Amino acid sequence: MALQFFNTYSREIEEFQPRDPTGRKVDIYTCGPTVYSRAHIGNFRAYIFEDLLQRHLELRDYKVHRVMNITDVDDKTIRGAREAKIPLSKFTAPFKQAFFEDIETLRIKRADEFPAATDQHYVDRMIEMISALISRGLAYQADDKSVYFRINKFPDYGKLAHFDLTQLQSTGRVKHDEYDKEHIGDFALWKAWDEEDGDVAWESPWGRGRPGWHIECSAMATALLGDQMDIHCGGVDNIFPHHEAEIAQSEGVTGKKFVRYWLHCAHLLVDGQKMSKSLGNFYTLPDLLEKGYTGREIRYALMRVHYRAPLNFTWDGMQEARQALIRTDEWLARLREKSRETSVQRSTSNVQRPTQEFEEALDEDLNISAALGFLFETIRETNRAMDRNELDASSANAWLDWWKRVNNVLDLETEAEVVIPAEVAQLAKERENTRREKNWRKSDELRDRIAALGWEVRDTNDGQKLTPRASSG
């Protein structure tokens, strides 16, 4: 089955056809963090979707070249540095470091390049592109000494966001980085220096100033991937004005179609509401780790819903993620034990050999919900076969080999055995004895004592299983 993706530009599912004549090389640009604060779990929902995209393409034997930018100069970062009364680079440095720590915790593959907007090489590229736009009549320097893009000179402006410009009232010019369609207008390419910028400024043909947010990504993307690329990703909030502006700037300079496929990730909600510090539902990765959850549990929770559907984050959902991974761990342990058996061939079963259904689900616009559904159906059926002693060592090895392919995409396998404290282990042993004696009241008392020490005990066909408990939300 051919890969298919929903292209935001066309609003249709399209068959994926890379630009590379060999059909195997894929260039991807992904909008990275704006380092004015620590990235939140909504940001990481998008980054995990992009990680899933890259890993599935690689599973399907594509060679991926991915660039993720770091926005370290814009309205927000400058405001933050000014309020902190420290230089911009010193203000953004800890947030950059935190971002790389967090993607490591969440097992997100590193991009091939992480260009920073303040790098002089890219600032030079921004100035070069703005000059080209001015020479083509697509940009102009206004009375305020800033340079703006003429949206009415670019006929395709608004097509990504599916806005009809004839139905929208222009406000003239917009200097801010972020705005909505009610404030549509010529957007800033170069912002003339003012006092609020402090010492953040570069020399340019139009005087001292700094780049607008949108031109930063156009410059970094084309500098590293060329005039055209296969896929550009981001959150739905990036569609307008950011990605709309990127298209206008880039195509205005090159005259070539900038991106073939635009993929956008839907919002993350918390308990059905927009995440907000004022509502007390704003979470960063350390917030979740402090409650006892692991990186792979958070990864699963942020991955398990299709990227184009809103993801509702709840503490119950985190517990579901934990239980799903416990199920997977126990299944793998059973398969490994079965694979080591040397007994004669078992009777046949309908789950003797893996199929391609997991990969084929992801071929259909990264349908992770269907892919995970097949995974857990597989776990259920193979467990039943092992319960009936119908799965032989050869079949167990085949499923373990299949899991390696699946885990290359999901990256959810536990890395190390969980160390159970001696006190917890002793209580569990006592509970096992009381259950053997059918002393259910004592068994429940011991379960409560184990829970008070931060551990959960589950009774399975293979005996008791202990897992660390997360703190309540």
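The values are calculated or read from the model by the stated rules, or taken from the named source; none is laboratory data. These numbers come from a predicted model, not from an experiment. Please note: Cβ atoms are built from the backbone with ideal geometry, for glycine as well, and neighbour counts cover all protein chains shown. Heads up: the accessible areas ignore ligands, DNA and RNA and are worked out on the full protein's heavy atoms, side chains in. Shrake-Rupley method; radii C 1.70, N 1.55, O 1.52, S 1.80 Å.
Computed over the chain, relative contact order equals 16 percent, with contacts defined as Cα pairs under 8 Å that lie 6+ residues apart.
Determine the order of 307, 283 by accessible area, beginning with the largest, at a probe radius of 1.4 Å.
Working: 307 10, 283 35 Å².
Sorted by accessible area, descending: 283, 307.
Straight-line reach from residue 85: which lysines have a Cα under 17 Å away, not including same-chain ones fewer than 8 places off? Result set, ordered by chain and number: 76.
The heavy atoms of residue 163 present about 50 square angstrom of accessible area, all protein chains included, probe 1.4 Å. Taking amide H positions as modeled 1.01 Å from N, with prolines and chain starts lacking one, the residues under 5 Å from residue 269 and 5 or more places away or on another chain are 311, 312, 313. Once the Cα atoms are used to define both axes, helix 368-387 deviates from the longest principal axis of the chain by about 10 degrees.
Loop sites by DSSP among the GluC sites (Glu not before Pro) of the chain, restricted to those with at most 11 other Cβ atoms within 10 angstrom, leave 204-414 as the longest stretch without any of them. Taking amide H atoms as placed 1.01 Å from N in the peptide plane, the amide H of residue 139 lies under 5 Å from those of 134, 150, each 5 or more residues away in sequence or on another chain.
Surface composition of the chain: carbon and sulfur make up 46 percent of the accessible area, probe 1.4 Å. The range 131-158 and the range 210-252 have Cα centres spaced 16 Å apart.
Computed from Cα positions, the angle between helix 422-436 and the longest principal axis of the chain comes to roughly 50 degrees. Between 0 and 90 degrees, the angle of helix 440-452 with respect to the longest Cα principal axis of the chain falls at about 30 degrees. Bridging of residue 338 to lysines at a Cα separation below 23 Å is possible for 404, 465, once same-chain residues fewer than 8 apart are set aside. When the trypsin sites (Lys or Arg not before Pro) in the range 412-442 are filtered for DSSP coil states and for at most 13 other beta-carbon atoms within 10 Å of their beta-carbon, the remaining sites are 438.
Scalar couplings 3J(HN,Hα) for the range 398-405, obtained by applying the Karplus form with A = 6.51, B = -1.76, C = 1.60 to θ = phi - 60°, are 5, 5, 5, 5, 4, 4, 4, 5 Hz; x denotes Gly and Pro. Only one of (i) 20.9, 63; (ii) 26.4, 88; (iii) 25.8, 77 was calculated from the structure for Rg and Dmax of the Cα atoms in Å, and its label is (ii). In summary, the lysines within cross-link reach of residue 25, defined as a Cα separation below 22 angstrom excluding same-chain residues under 8 places away, comprise 63, 109, 256, 257.
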